[in-house]
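The values are calculated or read from the model by the stated rules, or taken from the named source; none is laboratory data. Since the model is a prediction, treat every value here as computed from it, not as a measurement. Neighbour counts are summed over all protein chains in view; Cβ atoms, including those assigned to glycine, are modelled from backbone coordinates with ideal geometry. Side chains are part of the model used for accessible areas, which takes the heavy atoms of the whole protein and leaves out ligands, DNA and RNA. Shrake-Rupley method; radii C 1.70, N 1.55, O 1.52, S 1.80 Å.
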Amino acid sequence: MRRTSEQLIQELSKIVDAHFAHAVVECYVEMQQRFLAGDWQPAELDGGRFCEAVSRCLFQMDTGKIDHRKLPAEIRNTLLDKDIPHKLGSKDRYHMAKVIEVVYKFRSDRGAVHISTEYTANYMDSMLVLHASKWIFAEFLRIVWNRDRKVVAETIAQIVQLEHSVIHELDGKPLVLARDISATDEVLLLLYYDANNRLSRAELREQAAGQNPQNVNVAISRLIKNKEIRPVAEDEVALTPNGQKRILEQVLPKYTPQK
């Protein structure tokens, strides 16, 4: 079953406080969307709000109490307190508390929380926050929502779509929605969208249905020459780090409206 973020919020709101459920999902989706659009700073700012919301959900699940003001550090002490009864398992409490602490303290130490002349949004910092938050979100859904890891992984993949998405998928077939897009940009987007970041030349010509097939072939050749994609297997090509960098810094910002 495919779920939108709103549907997931509704399901989680039956288990935890509705405000917490909304904050967890919205912060996570916002963080992913802005990062994919090449806007890194919100990943670190949203990472803090995300940690606060998840921590309050865990506090509610563990103690049965709802608190809208407690911060992660105080909640961490409660979760790790061996002298009080707990509803959540000890390993779940320990690992979640530790990873949340890393993300929450890291983005504060880096200066992302405060207006600072010394701080600039950093790709690698944002990557750490983003991937750690993805693990937190997956574990949160497994614990609170009580679904197996496969369902959790599918749900996370489904709800994280670019706002004003440049790609629409129907029956497993992606379609690039941007108008007047060059064959080069479309090839890069299709490879970036693919789960394995690799497609055959025939698949690229088929999926880039609005492009002249010859233009797609030329685009592939140019991208290979620039080392933004590389030939693999028989007829397949795969995205390289150079190509990913171009997508994040040039292609996605071009076709995705900034907030």
Inset, instruction - Give the Kirkwood hydrodynamic radius (Å, one decimal) of the chain, defined as one over the mean of 1/r across all pairs of different Cα atoms. - result: 20.0
Legend entry - 20 Å Cα cut-off, lysine pairs counted over segment 133-259 (separation 8 or more, or different chains): 4
Inset, instruction - Send over the Kirkwood Rh of segment 195-259, from the inverse of the averaged 1/r over different Cα pairs, rounded to one decimal Å. - result: 12.6
Legend entry - Heavy-atom accessible area order for Thr155, Thr4, Thr78, largest first, 1.4 Å probe: Thr4, Thr78, Thr155
Legend entry - Of all accessible heavy-atom area on segment 166-255, the percent that carbon and sulfur account for (1.4 Å): 44
Legend entry - Unit charges at the beta carbon, dipole of the chain: most positive-side option, Gly210, His95, Ile159: His95
Legend entry - By accessible area with a 1.4 Å probe, ligands and nucleic acids excluded, highest first: order of Met124, Met61, Met31: Met124, Met61, Met31
Legend entry - Heavy atoms of Lys254 accessible to a 1.4 Å probe, total area in Å² rounded to 10: 120
Legend entry - Highest-first arrangement of 90-99, 238-247, where packing means the average Cβ count within 10 Å: 238-247, 90-99
Inset, instruction - In whole Å, largest first, what are the principal axis extents of the Cα atoms in segment 148-225? - result: 45, 23, 21
Inset, instruction - Pick out the long, greasy-scoring helices in the chain: whole DSSP H runs spanning 24 Å or more along their own axis by Cα, mean Kyte-Doolittle at least 0.5. - result: 123-140
